[in-house]
Each structure stands twice: as C-alpha cells, then as structure tokens.
Amino acid sequence: MPDATSELTRSGTPRCHVLLPCAGSGTRAGTGLPKQYQPIAGQPMVLHTLAALRSVTRIDSCLVVIAPEDSFWASQPVGTTLARCGGATRAESVFNGLQALRDQGAAASDWVLVHDAARCLVTPAQVDALIDACWADPVGGLLALPLPDTLKAEAAGRVVVTVERAGKWLAQTPQMFRVGALHAALASTAASGFAGVTDEASAMELAGHQPLLVRGSAQNFKVTYPEDFALAEAVLRSRP
C-alpha cells in the first residue's frame, strides 16, 4: 500500500469527509424506532448530529450509511449523500461506507471522520479541534476522555478486581483517519467478521498503528439507554 504522505504529495491538499453509520437498531435504548430517529428537542436525533457536522466549514462531504430497507429518509437531506449499504454491524457499515466514498471519488489520502449518529451533542468546535490535532499526524486520532471513575472487573455480577484507571481513556467520536488506511485496516479483518473491531481506532490498532488521543467533552456522550434521552434533550435545550 502506498505511503499516505507520498500520496498526499502527489494529490495535493486532502479533503475531509464525514461518514455517519446509521443502520443500527439501538436495542439498548428500548425504543420502537431505531434510536437515531427518535425525536429529541423537536427533531430526530440524527438531524441534530448532522447539523453540527455540516456546520464545520472544513467538511467537504457527508455520507450517511443506512440499511437497504430504511424508510426514514423520504428525501436526501441537503448537503448529505445517502448510501444504502449498511451492514449487520457498525464495522461492516463503515467498511461499506468507505468503499462508497472511494466510488464517489474520495482519495486514499483524504481524511474521513467517522461519527456516531447517537452522539447528537457533538459541537462544531470539538470537530474542529480534532481536525486541528490530526491534520499533520501520520496516523490520525479520536476524541476521548481520561477515565474519571473507579473501574471494576466483574464475574457473575460481583467485583473480582479494581482495575487501575491511570492511562485509560473513554473513546468517543468523531474518529479521524485517512480513507485508504482505514479501509485497508477494516479489509484485513473482514474475513473474520471484523473480530476485535469495536471502533475505527481499534481497527487501526490491529493494523499496527497508534492513534492520537484528542481530549473531548463529557457532553459528547452516546445516547444509549432510555434515561440518556432526557439528558440529551436538556443539554440541547440549554444551548443557544
């Protein structure tokens, strides 16, 4: 595979793309609809997410990966491309979405920011901070927070050990990597059903890379459980 830096020299300034996997069912949220389509503060959660991402001026394109049978999108939202290539897992959806980006002309040296549709509280400032930190980095990186709480390991519902929290971070999104490098990292695990891939950074780690940690925000949490919806709505309504 060509070195990303040498390819960048040949192709000029890279572009920034957003890839939003949006094919999950969100079973832990306990909702009838997939959680990304549940209303929060007057509109479906995913629309808050897209509004924040599209406000970042350095984002050149935004690809939303949806399930082939998805009926939520009556039309293609402004400034967004829909790709009906969602897979059975997040990793498969991202892998398929990266191929769709390549098919649409994205260069291997372009940057892609993969973001969770259910992280609807991300702000343009946080995305800009990630781009600033990663732009000159040879690998790329992710928003994350140092682990603030005591961490326990359990067996059968009981604590077996307290885990040292120093040096441990909570991974967030966006996660920003070169299109070609991330596609290759995921391709190398596709035959195993993307075993060990829990996010884009883990795929890059399995490929031998060390992603950069960029401090995020506690407000950039992933809406996962029923009680998270009220908290996300409160935060959204508190903002101008």
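Observations
- Those residues of the stretch 209-240 which are surrounded by 17 or more Cβ atoms within 10 Å (Cβ to Cβ), among the small types (Gly, Ala, Ser) and not in a loop (DSSP other than H, G, I, E, B), in sequence order: Ala232
- Inter-residue pairs, beta-carbon under 6 Å, first surrounded by 13 or more Cβ atoms within 10 Å (Cβ to Cβ) and in the stretch 67-82, second modelled with pLDDT of 90 or more and not in a loop (DSSP other than H, G, I, E, B), 6+ apart: Phe72/Tyr37; Trp73/Leu82; Thr80/Cys62; Thr80/Val64; Thr81/Leu63; Leu82/Val64
- Residue-level check: of (1) modelled with pLDDT of 95 or more; (2) more than 25 Å from Ala184 (Cα to Cα); (3) among the β-branched types (Val, Ile, Thr), Val78 misses just (1).
- Within the stretch 42-65, considering residues that are buried (at least 16 other Cβ atoms within 10 Å of the Cβ), of a type outside the set (S, T, N, Q) and over 14 Å from the mean Cα position of the chain (by Cα), the one nearest to Pro226 (Cα to Cα): Met45
- Yes/no for Glu227 being among the acidic types (Asp, Glu), more than 23 Å from Val127 (Cα to Cα) and without any contact (Cβ under 8 Å) to a residue 60 or more places away in the chain: yes
- Qualifying position, being at pLDDT 95 or above, of a type in the set (Gly, Ala, Ser) and in a strand (DSSP E or B), among Ala181, Ala153: Ala153
- The residues listed here are Ser188, Ser202; of these, the one that is without any contact (Cβ under 8 Å) to a residue 40 or more places away in the chain, more than 18 Å from the chain's Cα centre (by Cα) and in a helix (DSSP H, G or I) is Ser188.
- Each residue in the stretch 92-115 was checked for being crowded, with 23+ Cβ neighbours inside 10 Å and farther than 22 Å from Ile131 by Cα, and 1 of them qualify.
- Exactly one residue out of Val46, Val56, Val127 is at pLDDT 95 or above, within 17 Å of Phe221 (Cα to Cα), among the aliphatic types (A, V, I, L, M) and out of contact with any strand residue (DSSP E or B) (no Cβ under 7 Å at 6 or more places or on another chain): that is Val46.
The values are calculated or read from the model by the stated rules, or taken from the named source; none is laboratory data. Just so we're clear, the structure is a prediction, and the values are computed from it rather than from any experiment. As a convention, Cβ positions derive from the backbone with ideal geometry for all residues, glycine included, and neighbour counts pool all protein chains shown.
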